[in-house]
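The values are calculated or read from the model by the stated rules, or taken from the named source; none is laboratory data. Fair warning: this is a prediction, and the values are worked out from it, not measured in the lab. Ideal geometry is used to build each Cβ from the backbone, glycine not excepted, and the neighbour counts take in all protein chains shown. Just so you know, the surface numbers come from the protein's heavy atoms only, side chains and all, with ligands and any DNA or RNA stripped out. Shrake-Rupley method; radii C 1.70, N 1.55, O 1.52, S 1.80 Å.
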Amino acid sequence: MSDAVDHLTYNKLELEDIYTKDGTLDYKNNPANKNTTGTWKACPYILGNECCERLAYYGMSTNLLLYFKNHLNQHSTTASRNLSNWSGTCYITPLIGAFAADAYLGRYWTIAIFSIIYVIGMTLLTLSASVPGLRPSCVSKDVCHATDGQVAVAFAALYIVAVGTGGIKPCVSSYGADQFDDSDEKEKKHKSSFFNLFYFSINIGALIASSVLVWIQDNVGWGWGFGIPAVAMAIAVGSFFSGTRLYRNQKPSGSPLTRICQVIVASWKKRGVRVPADNSALYETADNESAIVGSRKLEHTKDFSFLDKAAVETESDHIKDSVSPWQLCTVTQVEEFKSIIKLLPIWATGIIFATVYGQMGNLFVLQGSFMDISLHDFEIPPAALSIFDTLSVIFWVPVYDRILVPVARKYTGNKSDITQLQRMGTGLVISIFAMLAAGILEVVRLGIVKRNNYYDYEHMPMSIFWQVPQYFLIGCAEVFTVIGQLEFFYQQAPDSMRSLCSALQLTTGALGSYLSSLLVTIVTDISTKGGKPGWIPDNLNRGQLQNFFWLLAILSVLNFGAFLLISTWYTYKKPVGTISRKLKDDGTISSERLTN
């Protein structure tokens, strides 16, 4: 009898151990089985989706400046502003998608729905460049005339794409990281490698886009140039749906903005109440499970202690049968809000970096278009030079993961290599050198123009390949800063706000684009006074583009200084507890949150 009981107990423990402890569910809303869902089994479908989606995005956007200028017949500064504004919108819409994912839809359905919207936008963009009546009429390859209606259709398609990408960008990286159980040390250690591989897959797509697709757009036509990315996006949707049975899904937890507002209102109502010295006296749910669906409890911190008033219990809180969250909040709910506040200064330092990064598809392309783009009998599209940024990323990701990480672990004693903040700061420094390289190149280029009177040359005789160092440095900076941001904003976000915080990280790209547009407008207004051509005229041979790069380098130095001050103040999040799956005698499974 004793042997039978022991055998039954062993079987129960064995069955309990096969379920994830982070609260994830499978596609049938049952507790996720560790053996049949998640980890590297599910990731190929997510990475395939991201690779194809990025191929579509970069295949459409890399050469877009010249499409605006040559085919929609827009002035250089107008084209630059329009590109920056559209790019910025692509990084603002993720706030909408992230809110939908965290609050109501979950990451799976958000990615699925917005991917379909994306395909619709790409299809319309393809039609606008290929169907007679919708496409601009051209007398030569680079001399076209677009009607207001044709421009409107093209921009309508682009902004539909911007909406579509808003549901994908903030969710895919987080959804991939969700496939690894934080409470399982074997799975958790793969999470950092996932973010590196995720960014690697992005750049495989970008590599094809910046080489093959840019050449097709310049030499075959924009109908094919936009049509192939549209097909790639359709493949991305198919790849994502193919992995449905393998995915682990987090439950949506309701509106995070509502919970933040509840903390603000409750703390304001109790602004005259004193916070007890013993933080254990603050209100928290009695059971081990957090009151917020899909979120672990968080330890109390001393930061922003005025918000703790929202968790101070008073007699009036218990007049009704149920406690109103607008009157009394749990410690975890308060700490969620504190986590978001602490992320904001780090987030702000990403804006200048995003402005620098944005020049790769903007003023770097314009600079390259005035250089020698011939290679024997072959003409190199200026936007194709971004391939060296992609190659740089593809080179540095494995170097970082396989060489720098082990060395860092050996010398720092930190099992997670250098910290996420140290990684981000390294990238910020490298980005400064990228701007210096671009500025020095422009000084040298203009020196040749001046000495040889090349002012009216469409392509002055200096090889475009002199731009390679600045692209390579941008790629190196990406590996440190952008991947560091992806991991940092995922790990430091409250469990129930991971999509929202990923979207918050992405908004630095939007604000960077808008800042770039603003800076271009300001320097154009100032530098063109008195009839001067200005820093960024239509003919760059008569401009002073290097001054814009010096400006960005100075802003980057100041930004790095601010980052150093903020990072010394930041304290990392401390979650409490995991979920224990228990097999009941009736064969059903119960879940219980355990305290660490």
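Just one of the numbered conditions (1) in a helix (DSSP H, G or I); (2) open to solvent by 10 Å² or more (accessible area, probe 1.4 Å) is not true of R135; which one? Exception for R135: condition (1).
When C501 is tested against (1) within 30 Å of I111 (Cα to Cα); (2) open to solvent by 10 Å² or more (accessible area, probe 1.4 Å), just one condition goes unmet, and that condition is (2).
May I ask you to list the residues in the stretch 289-317 that are at positive phi and either modelled with pLDDT of 75 or more or not in a loop (DSSP other than H, G, I, E, B) (or both)? Once the filter is applied, which keeps residues that are at positive phi and either modelled with pLDDT of 75 or more or not in a loop (DSSP other than H, G, I, E, B) (or both), the stretch 289-317 yields only F304. Checked against (1) in a loop (DSSP other than H, G, I, E, B); (2) in contact with a Ser or Thr (Cβ under 6 Å, 6 or more places away or on another chain), T77 passes all but a single condition, namely (1). None of I432, I448 is modelled with pLDDT of 95 or more and either on the phi < 0 side of the Ramachandran plot or surrounded by fewer than 22 Cβ atoms within 10 Å (Cβ to Cβ) (or both) except I432. With respect to the conditions (1) under 25 Å from G223 (Cβ atoms); (2) open to solvent by 40 Å² or more (accessible area, probe 1.4 Å), S87 lacks only one, and its number is (2).
Screening L55 with (1) at pLDDT 85 or above; (2) in a helix (DSSP H, G or I); (3) over 30 Å from A232 (Cβ atoms) gives one miss only, at (3). When K21, K69, K28 are checked against the criterion of being in contact with a strand residue (DSSP E or B) (Cβ under 6 Å, 6 or more places away or on another chain) and either open to solvent by 30 Å² or more (accessible area, probe 1.4 Å) or within 15 Å of P170 (Cα to Cα) (or both), a single residue qualifies: K21. Consider the stretch 408-421 and keep the residues that are out of contact with any helix residue (DSSP H, G or I) (no Cβ under 8 Å at 6 or more places or on another chain) and surrounded by 13 or more Cβ atoms within 10 Å (Cβ to Cβ). The one that is modelled with the highest pLDDT is T419.
For the stretch 360-377, residues that are of a type outside the set (V, I, T), touching a helix residue (DSSP H, G or I) at 6+ places or on another chain (Cβ under 8 Å) and outside any helix (DSSP H, G or I) total 4. Taking the stretch 367-380 as the range and being of a type outside the set (D, E, K, R) and open to solvent by 10 Å² or more (accessible area, probe 1.4 Å) as the test, the residues that pass are S369, F370, I373, S374, L375, H376, F378, I380.
Each residue in the stretch 158-180 was checked for being farther than 12 Å from G97 by Cβ and β-branched (V, I, T), and 2 pass. Summed over the stretch 113-132, residues that are buried (at least 16 other Cβ atoms within 10 Å of the Cβ) and either outside any helix (DSSP H, G or I) or hydroxyl-bearing (S, T, Y) (or both) total 6. Would you mind stating whether L282 is surrounded by fewer than 23 Cβ atoms within 10 Å (Cβ to Cβ), at pLDDT 90 or above and within 27 Å of D22 (Cβ to Cβ)? So L282 fails the test. Residues that are closer than 19 Å to F364 by Cβ and either in a loop (DSSP other than H, G, I, E, B) or polar (S, T, N, Q) (or both) within the stretch 529-551 comprise G534, W535, I536, P537, D538, N539, N541, G543, Q544, Q546, N547, listed in sequence order.
Just name the residue that is modelled with the highest pLDDT out of those in the stretch 175-198 that are open to solvent by 30 Å² or more (accessible area, probe 1.4 Å) and not acidic (D, E). Out of the qualifying residues, it is L197.
Residue count for the stretch 435-445 under the criterion of being open to solvent by less than 10 Å² (accessible area, probe 1.4 Å) and under 16 Å from L558 (Cβ atoms): the result is 1. Among the residues of the stretch 378-394, those identified as assigned to a helix (DSSP H, G or I), under 27 Å from E458 (Cα atoms) and not hydrophobic (A, V, I, L, M, F, W, C) are P382, S386, D389.
Among the residues of the stretch 552-572 satisfying the criterion of being assigned to a helix (DSSP H, G or I) and aromatic (F, W, Y), which is farthest from E458 (Cα to Cα)? Among those that are assigned to a helix (DSSP H, G or I) and aromatic (F, W, Y), it is W569. The residue of the stretch 267-279 that is least open to solvent (accessible area, probe 1.4 Å), among those that are part of a helix (DSSP H, G or I) and modelled with pLDDT of 80 or more, is S267. Taking residues in the stretch 239-266 that are assigned to a loop (DSSP other than H, G, I, E, B), and partners anywhere that are of a type in the set (V, I, T) and surrounded by fewer than 17 Cβ atoms within 10 Å (Cβ to Cβ), the pairs with Cβ atoms closer than 7 Å and at least 6 places apart or on different chains are K251/V293; S253/V293; G254/V293. Test F353 against the criterion of being part of a helix (DSSP H, G or I) and open to solvent by 20 Å² or more (accessible area, probe 1.4 Å), and give yes or no. Spelling it out, it is not the case that F353 is part of a helix (DSSP H, G or I) and open to solvent by 20 Å² or more (accessible area, probe 1.4 Å).
For the residues L385, L391, L363, the requirement of being of a type in the set (A, V, I, L, M, F, W, C), farther than 27 Å from L558 by Cα, open to solvent by less than 10 Å² (accessible area, probe 1.4 Å) and under 27 Å from the mean Cα position of the chain (by Cα) singles out L385. Take the conditions (1) surrounded by 14 or more Cβ atoms within 10 Å (Cβ to Cβ); (2) at pLDDT below 80; W224 misses just one of them, which is (2).
To keep it simple, each residue is scored yes or no on (1) touching a Pro at 6+ places or on another chain (Cβ under 9 Å); (2) closer than 21 Å to F472 by Cα; (3) among the charged types (D, E, K, R).
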residue: V331; (1), (2), (3): no, no, no
residue: E335; (1), (2), (3): yes, no, yes
residue: L343; (1), (2), (3): no, no, no
residue: W347; (1), (2), (3): no, no, no
residue: L366; (1), (2), (3): yes, yes, no
residue: D372; (1), (2), (3): yes, yes, yes
residue: A384; (1), (2), (3): no, yes, no
residue: L391; (1), (2), (3): no, yes, no
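Checking each residue in the stretch 496-510 for being of a type in the set (A, V, I, L, M) and either touching an Asp or Glu at 6+ places or on another chain (Cβ under 8 Å) or more than 15 Å from S80 (Cα to Cα) (or both) picks out M497, L500, A503, L504, L506. The criterion of at least 3 residues that are polar (S, T, N, Q) is met, among helices (runs of 4 or more DSSP H) falling completely within the stretch 395-514, by 420-452, 468-491.
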